[in-house]
1. Pick out the one residue from S61, S37, S81, S31 that is within 16 Å of the ligand (Cβ to nearest atom), under 20 Å from the mean Cα position of the chain (by Cα) and either assigned by TED's automatic domain parsing to the domain that holds S199 or hydrophobic (A, V, I, L, M, F, W, C) (or both).
2. Does region 163-196 hold any residues that are in contact with a helix residue (DSSP H, G or I) (Cβ under 8 Å, 6 or more places away or on another chain) and assigned to a helix (DSSP H, G or I), and which are they?
3. Which is acidic (D, E) and within 16 Å of F159 (Cβ to Cβ), of D32, D23?
4. For the subset of region 206-221 comprising residues that are in contact (Cβ under 8 Å) with a residue 40 or more places away in the chain and not in a loop (DSSP other than H, G, I, E, B), which member is surrounded by the fewest Cβ atoms within 10 Å (Cβ to Cβ)?
5. Within region 128-159, how many residues are away from the ligand (no atom under 12 Å from the Cβ) and touching a strand residue (DSSP E or B) at 6+ places or on another chain (Cβ under 7 Å)?
6. I need the full set of residues from region 121-136 which are assigned to a helix (DSSP H, G or I) and aliphatic (A, V, I, L, M), in order please.
7. Filter the helices (runs of 4 or more DSSP H) completely within region 1-96 down to those with at least 1 residues that are closer than 23 Å to V310 by Cα and free of Cβ contacts under 8 Å to residues at least 12 places away in the same chain.
8. Would you confirm, using the coordinates I've provided, whether A203 is without any contact (Cβ under 8 Å) to a residue 12 or more places away in the chain, surrounded by fewer than 16 Cβ atoms within 10 Å (Cβ to Cβ), in contact with a Gly (Cβ under 8 Å, 6 or more places away or on another chain) and more than 22 Å from T319 (Cα to Cα)?
Amino acid sequence: MSLYAHITGWGMAVPEQILTNEDLARQVDTSDEWIQSRTGIRERRIANGDETTATLAVEASLRALQVANLDPMDLDLIIVSTSSPEYIFPATACLVQDRLGAGKAGAFDLLAACTGFIYALNIGTQAIRSGAVKNALIIGAETLSRLVDWKDRNTCILFGDGAGAFVLQASPERGGVISAVMRSDGSGGDLLILPGGCSRMPATYETVASGKHYIQMNGREVFRFATRVMAQATEEAVRKAELTIKDIQLVIPHQANQRIIEAALRSLDIPMEQCMINLDRYGNTSTASIPIATCEAIQQGRLKAGDTVVFVGFGAGLTWGAAVAVWSGPQAAVRRMLPLRLRMYARLRSWIRRFLRRIDAMIWGRHNPPI
Ligand code: COA
């Protein structure tokens, strides 16, 4: 029996704190007019001290699980796509797993920069289509504001924080994610890079002093690359789904720059009305931008059950990709997902597990328990 991966839940979470172009113009040599005309961005959301990549991911996930009416204990897989994980390890996905109380799920982080959500969507879909996984939670979450040099006008005007999540569920009914392409070209790795802090350049006084722990970007080169690959990836994914561009009701692109999106749509001959854009209010939230834009497209009634939608993105790596989905909407289910109760249950579960681990250590000390 063929299985399909249907998108049955979606959710987003963005910080409350807004940073406008005018605010930025007080910090660096830029202007609202310059930022809007070159990027389309008016403002972005910035995480406060208590908000992290995992807290935003958990909020978005709870909303997505609520839409899908799915208990986290029924999740088999959690993928967090992020370029701003809480740590190198443990994976942010494991923190999310714990805070959701998803006791039966495998969890890992995926790093494909701003293309990460497309990659995660495809990996989650393939896991479902193979029969190995029934329910998957795919999250794109970022707090890139913590990795941006707020004195570098090249980059600090672009990025914002946020998270978005999809629930994918197996069903024999044809639909859901029907094709995807994933591409990469590491020869362009230096065009968008965060060089410091890992094995190649461990943190030292010098790396910190010279700003190696901030995002560095060659904006013009990335711009050229992006306009080329967005259209290519879309065409390829549509062809793979055995459809034509005319069959597409909505394009949800990575929200990096209005001019990049316009150029891509022009070359695809798709009118702008068929494209979801919300980067004016959130800036580039990297891998979170596609699920956030999807949630807002649904709120605005622009994406309905049965519609064919293309997700397309590009980013550091270099990476790029696209996916075609027939929009499903939530599956019929008994409503049982109560976020507040769930949050309390997850906290209690986590506490008990830590407590038992401590008791275990006290009992066995330096010795291993008998197997
Ligand atoms: N405010 C005001 N002036 C700025 C500026 C800013 N924030 N940033 C750069 N400038 C200046 C430059 O110094 C340059 O001045 P000069 O002509 O005197 O040398 C001028 O504006 C033009 O700079 P340029 O880099 O050519 O601008 P651009 O039109 O390429 O726009 C980006 C810059 C970054 C907005 C654009 O290249 C871009 O969006 N690239 C893609 C980046 C991206 O999407 N990254 C994320 C990928 S996931």
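The values are calculated or read from the model by the stated rules, or taken from the named source; none is laboratory data. Everything numeric in this text was worked out from a predicted model, so none of it was measured. Cβ sites come from the backbone with ideal geometry, for glycine too, and all protein chains shown count toward neighbours.
1. None of the other options fit; the residue is S81.
2. G188, L191, listed by residue number.
3. D23
4. Per the stated criteria, the residue is G219.
5. Of the residues in region 128-159, 12 are away from the ligand (no atom under 12 Å from the Cβ) and touching a strand residue (DSSP E or B) at 6+ places or on another chain (Cβ under 7 Å).
6. L121, I123, A127, I128
7. The helices (runs of 4 or more DSSP H) meeting that bar number zero.
8. Answer is yes for this residue.
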